[in-house]
Amino acid sequence: MGVIFNRFSVPLQSITVARFADMCCTFARTAQSVSIKLKDQYMIIAFGENSLDKLEELLLSKYLLAKYFILVDTNTSEHCLPHLLETCESLQEAEILEIPDGEDSKCLEIVQQLWGGLLDSEADRESVLLNLGGGVVTDIGGFVAATFKRGIDFINIPTSLLGMTDAAYGGKTGINFHQLKNQIGTFTHPVGIFYDTVFLETLPNDHLRSGTAEMLKHGLIADAALYHQLKAATAGFAHDFDALLEKSLHIKMAIVEEDQNEKHVRKKLNFGHTFGHAFESFCAENGHHIHHGDAVAAGMIAESYLSAKKANLPALELEDISHFLTMSFPKVPFEKEDIPTLLQYMNHDKKMKYEQLQLPLLKAIGSCEIFDSVEVSELSEAFLYYLDSK
Ligand SMILES: NC(=O)c1ccc[n+]([C@@H]2O[C@H](COP(=O)([O-])OP(=O)(O)OC[C@H]3O[C@@H](n4cnc5c(N)ncnc54)[C@H](O)[C@@H]3O)[C@@H](O)[C@H]2O)c1
């Protein structure tokens, strides 16, 4: 495993257009940008076809003399970097930092190599790191930027659906540690996020599916119409995908704005993640990689079961969620005998407070509340429910 440092040397070319998804969606790619204030810092958020022009404007207006570094992984280097460099004149001299693609790169070893690379290239406090990739690149890139020389500015350009709907926005940066998800990290916001769904044209379908899980989560916790529209899109009914993505993102933005450091309402965004992270850690330990969104989808089935038990989620809604998610996402491979191990992973979860597990649970599709006291025996029941779900 290693980081490659170089200047861009591959000839510029247009990215190839690939199959989008089994979902029946069209792209509107209408351009718009907003400036929002979080933690006394302004952040520019731009959507749509011309969003990278807005990036160029930001670089010229605020970072004219800065040294630019672009973090990519093996795939975004091939599929996304040419488009970025074609669009942003200012980035022609940028230093490229390339990491191997995949979750394994979200580790301390790669962070050290990136810190070392920035030092060797004489990055200073005024340097800017642009993270071009999915959630792995924006999580590790954000962490490297937040910690290098006590913090340099960074910009996120998400290229996966999961990155767009969730990971790039919200200020959570970090890496995995000791086989546990996201144990080390910071809350640090990028100075800008630039969304262009053209990048999704080369994203493999299994990663589109994984990203859809986080969009469904936003619908389940806050917007029943979004959940049903996504279900319809998956079943082949046409939808403007950009509109659904924006709707999903706005849910996250509203929640983060209210509670940036995850003291209360932001915990709702963890719906599906307590079980999901346990599934991810368990599978990683057993050498079986599962996508983050697939793990979250499985987690949402288990946590919907607990929602019916403790938060009065109607039985028909539980059945709807459970059936739809089981049909749409791969089953996580584990047996009844593995439940104690899965519970141990939950023990390390950051959501444990005074020996009790805090969980966001659904009162109904589109409505969520935080519950403080979920017992271990109930967690086991939820794993069993997931094993039996059809
Ligand atoms: N910080 C947060 O708030 C937050 C929220 C949710 C998830 N996450 C983290 O995000 C990570 C998962 O994100 P992800 O699913 O984007 O994973 P990822 O970054 O590994 O990307 C998925 C795969 O798609 C490839 N890829 C990305 N964009 C591409 C493109 N346009 N064309 C072709 N290939 C492309 C990547 O190289 C990778 O192989 C997890 O580590 C998770 O913990 C963070």
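Listed values, structure above:
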{"read-out": "Elements of type strands (runs of 3 or more DSSP E) contained in the range 37-143, each with 1 or more residues being more than 20 Å from Y195 (Cα to Cα)", "value": "95-99"}
{"read-out": "Count of residues meeting criterion [under 16 Å from L384 (Cα atoms) and free of Cβ contacts under 8 Å to residues at least 24 places away in the same chain] in the range 296-331", "value": "3"}
{"read-out": "Subset of the range 152-172 [more than 9 Å from the ligand (Cβ to nearest atom) and outside any loop (DSSP other than H, G, I, E, B)]", "value": "D153, F154, I155, N156, I157"}
{"read-out": "Any pair with Cβ under 7 angstrom, 6 or more apart, that starts in the range 81-101 at a residue that is assigned by TED's automatic domain parsing to the domain that holds F69 and ends at one that is modelled with pLDDT under 95 and of a type in the set (S, T, N, Q)", "value": "P82/Q13; I96/N6"}
{"read-out": "Neighbours by Cβ (under 8 Å, 6+ apart or cross-chain): first from the range 122-134, farther than 17 Å from Y169 by Cα; second within 15 Å of the ligand (Cβ to nearest atom) and of a type outside the set (V, I, T)", "value": "V128/F154"}
{"read-out": "Test set (1) surrounded by 20 or more Cβ atoms within 10 Å (Cβ to Cβ); (2) closer than 28 Å to L226 by Cβ - T326 fails condition number", "value": "(1)"}
{"read-out": "Residue tally, condition in contact (Cβ under 8 Å) with a residue 60 or more places away in the chain and either surrounded by 24 or more Cβ atoms within 10 Å (Cβ to Cβ) or not in a helix (DSSP H, G or I) (or both), over the range 274-293", "value": "10"}
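The values are calculated or read from the model by the stated rules, or taken from the named source; none is laboratory data. All values reported here derive from a predicted model rather than from experimental measurement. Cβ sites come from the backbone with ideal geometry, for glycine too, and all protein chains shown count toward neighbours.
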